[in-house]
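What follows is calculated from the coordinates using simple rules that are stated; it is not laboratory data. Being a predicted model, the structure only gives us computed values, none of them experimental. As a convention, Cβ positions derive from the backbone with ideal geometry for all residues, glycine included, and neighbour counts pool all protein chains shown.
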Amino acid sequence: MKKIMQTLMFSALVVPTNTESEWQKLQFKSIPSHEVKFTENGMKLKVSKSAMPIIYPLKSKKLVRSVRFKIKFDQLIQLPKDKTQGEKGTDDYVFKIGLVFPGEQTLNWFQKKIAAKWVTTLFDLASGGGVDYILFYGVYQQKNLSKSTQTHPLGKGLIKVKNEWFVEKPGEYEFEVKLEKPRRVLALWLSSDGDDTGSSFNVEIQKLEVERLP
């Protein structure tokens with residue numbers, strides 16, 4: 001009975017992947033951006049040696065327990081055999097989903113003036129509060145990375161990456177992020193990267209759902 005009650009306490013937020021209305025598409029300086037389309041089947045990304053942040057703010061302060069999604073991709077990252085995925089120079093993943101957590105870090109006036117757009121947008125999501133960090137859960141290709149977590153080499157200490165789902169071939173997959181305990185999440189950050197390795201591929205995000213306290 002206790003498990004049933006705990007399940008009923010949570011509700012599902014279906015994040016629209018077929019409409020652009022609430023998504024924020026940003027750019028990295030000097031890096032090509034993806035071609036992004038919103039269709040009846042979901043969000044389609046054409047990655048061509050490119051990278052870009054795609055962010056969905058969660059305006060509610062409800063606690064999040066899990067995030068479920070369904071994706072399809074047609075190629076893997078072209079990783080050199082002697083390099084480790086996620087390191088500087090090979091920091092490409094076919095797909096990562098990031099959870100932005102609130103915290104104490106803020107930007108002063110000068111930092112806002114010189115910070116990259118993705119950094120200021122990140123702190124804007126806190127609506128007057130602060131940010132802790134972004135935790136990305138990644139689809140990875142090297143078995144030796146199993147379930148490891150690392151700090152992003154260029155993330156200014158704000159980004160961590162957890163290698164969560166190992167894949168050996170392209171295809172259609174359903175994955176779920178389960179938090180150890182429910183936490184507030186400021187935004188979801190979708191990421192597919194091909195700029196470091198010169199990779200090109202297509203990704204389709206068909207379903208995205210957040211499980212949270214009502």
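Please go through the residue pairs Lys25/Lys169; Lys62/Lys117; Lys83/Lys160; Lys81/Lys169 and name each one whose alpha carbons sit more than 25 Å apart in this structure. With Cα atoms farther than 25 Å apart: Lys25/Lys169; Lys62/Lys117.
Rounded to the nearest 20 debye, the dipole size of segment 2-212 about its Cα centre is 660 debye, using +1 on the Cβ of Lys and Arg and -1 on the Cβ of Asp and Glu. When a/c is below 1.5 the answer is rounded, else prolate if a/b is larger than b/c, else oblate, so apply that to segment 2-212 with a ≥ b ≥ c taken from the square roots of the Cα gyration tensor eigenvalues. Rounded is the answer for segment 2-212, as its axis ratio a/c remains below 1.5.
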